[in-house]
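All remarks here apply to the structure that follows.
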Amino acid sequence: MSTETMAPATAERPEKSEYLPYYERYISLVPEGDVLSTLSTQIGDTLTLLRGLPASVSTYRYAPDKWSVNEVVGHVIDTERVFAGRALVFARNDPAQMPSMEQDDYIRNSNFDAYPLLELADELEAVRQSTVFLFKHMDELAWARRGVANNSEAYSNPAICSVPDQARRLGLGYENRSALPIDLGERPGDDWIEVSA
């Protein structure tokens, strides 16, 4: 039995031919360079934001038909789990077809508003740590494997490349920050928490 291990693959943004056009809006926002590094470092800004918000905003909605702050955080958690799960199935060469994820159904059938925002921030941190370990331990063969998700062929790499942008949307993206009933002050980035579905 050999004790030699294969070096992990360098995770970079995939080529456009490796994912469906729908995902371009997410993958194009992932910075150039090593995606694993982005996953590891970017979570700090997101957690700082979430842990700095007062508990009073956790169930706030800027309009009745929009998601609450907690639901946005829950959506990011769910999405990261789904995309990491897809990548795991592909990496292990499992022929199972992965279903689509209807985000509004997921939110409708969740109870994110029943939990403290700080607890959801802790959960997001734990999910991200798990995601980083999953991808850190994939070799080049696993990284390049394909599978079927949402009735379309997909690769492991684009699945995880969508994750940083999900958290980016949360940690650096509230397009309507004036809608929150608090002053967030100046923050880096372009949009803040996207509290809409």
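A short reminder: the numbers here are calculations on the coordinates, not readings from a lab. Please read all numbers here as calculations on a predicted model, not as lab measurements. All Cβ positions, even for glycine, are placed from backbone atoms using ideal geometry, and neighbour counts span all protein chains on display.
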**OP:** For the stretch 42-54, just list the computed ³J(HN,Hα) in residue order, Karplus coefficients 6.51, -1.76 and 1.60, θ = phi - 60°, integers in Hz, with x standing in for Gly and Pro.
**Re:** 5, 4, x, 5, 5, 5, 4, 4, 4, 6, x, 7, x
Original post:
Given a Förster radius of 41 Å and the C-beta distance between Asn93 and Tyr115 as r, what FRET efficiency does 1/(1 + (r/R0)^6) yield to the nearest 0.05?
Top reply: 0.70
Original post:
What ³J(HN,Hα) values, in whole Hz, does the Karplus curve 6.51 cos²θ - 1.76 cosθ + 1.60 give for the stretch 138-148 when θ = phi - 60°, with x put for Gly and Pro?
Top reply: 8, 8, 4, 5, 5, 5, 8, 5, 10, x, 10
Subject >> For Ala149, distant residues with modelled amide H under 5 Å away >> reply: Met98, Ala154
Subject >> Stretch gain in nm, segment Ser130-Arg61, where the contour uses 0.36 nm per residue and the Cα spacing is subtracted >> reply: 21.9 nm
Original post:
Residues of the stretch 89-103 with amide nitrogen under 11 Å from the 7 Å Cα-to-Cβ point of Val148?
Top reply: 95-99
